[in-house]
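Novice: Just passing along the structure, written as structure tokens.
Bear in mind these aren't lab numbers, they're just calculated from the coordinates by the rules spelled out. The structure presented is a predicted model; accordingly, all values stated were derived computationally and were not measured. Using ideal geometry, Cβ is built from the backbone for each residue, glycine included, and neighbour counts are taken over all protein chains shown.
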Amino acid sequence: MTTAVAEWGTLVFTGLIALTGVFALLYARKELLQSREDTRIRHLIDFNRQFSEEPMALYRAQAARAYLAGKKDPREIYFLMTFFETIGLLVERGYLGQKEVWELFASTVFPLYAAVEPLIQDERRTDPNMYSNFERLRNRLRQTEKEEGGPTAERSEEEILSFWQDEEAVVPGTPPTGSRRVRKRSKAVAAPGAGEKVSPPEISKEAPPRGGTRPA
């Protein structure tokens, strides 16, 4: 009788330890996912800041001015293409959330890609992987636009012209063109979470790389 009670007690104690371990693992997983989400949000906010401030604000206005003057491949436009090539890569790798990127940047990505697509095709004559992450980003955001009931991602010549006219007036602090359009905003993008700031790479002030990043 005493042996049976002891064995039962051991089983109960072992079960409690196992159950505690399961709860600890579940809690650790929850904390890990939350930490990853916080990091993604801070990355997105940092990219939004970079796009709205110098030097990107200057590049945006200069690229627009040159494009409207008839120059379709100004130096500054490659900074914009490389910026979204980088964002596209980070979305592919899971470091940025697709839905949040759509909310902040889709209204810039769609007309910009439509405007520079001939440049991308020209670059791909020597390397078919040029700006592939930018293209995938456009395709991903187009799918999100459809899922959210937004207008078509395709842009007419008139809409592209309107985009560049808006960009020409950009000054430091100007958000991505069209981001003020009413959307179902994500609460996560409203403000950064507490904790250590994690920043993505700063946009270089030197000449932009031609062709963007290659897929790994």
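Novice: Region 87-145: which chymotrypsin sites (Phe, Trp or Tyr not before Pro) are DSSP loop and have at most 16 other beta-carbon atoms within 10 angstrom?
Specialist: Answer by residue number: Y95.
Novice: Please compute the net charge surrounding A61, taking Lys and Arg as +1 and Asp and Glu as -1 over other residues with Cβ under 11 Å from its Cβ.
Specialist: Within the 11 Å Cβ shell, the charges total -3.
Novice: What's the FRET efficiency of T14 with D127 using the Cβ-Cβ distance as r and R₀ = 35 Å, to the nearest 0.05?
Specialist: 0.05
Novice: Rounded if a/c is under 1.5, else prolate if a/b beats b/c, else oblate: with a ≥ b ≥ c from the C-alpha gyration tensor eigenvalues square-rooted, which is region 68-178?
Specialist: Rounded, because the longest to shortest axis ratio a/c is under 1.5.
Novice: Which GluC sites (Glu not before Pro) does region 118-157 hold that lie in a coil by DSSP with at most 14 other beta carbons within 10 Å?
Specialist: E148, E154
Novice: Please compute the modelled spin-label separation between Q98 and E147, points set 7 Å along Cα→Cβ, answer in nm with one decimal.
Specialist: 0.5 nm
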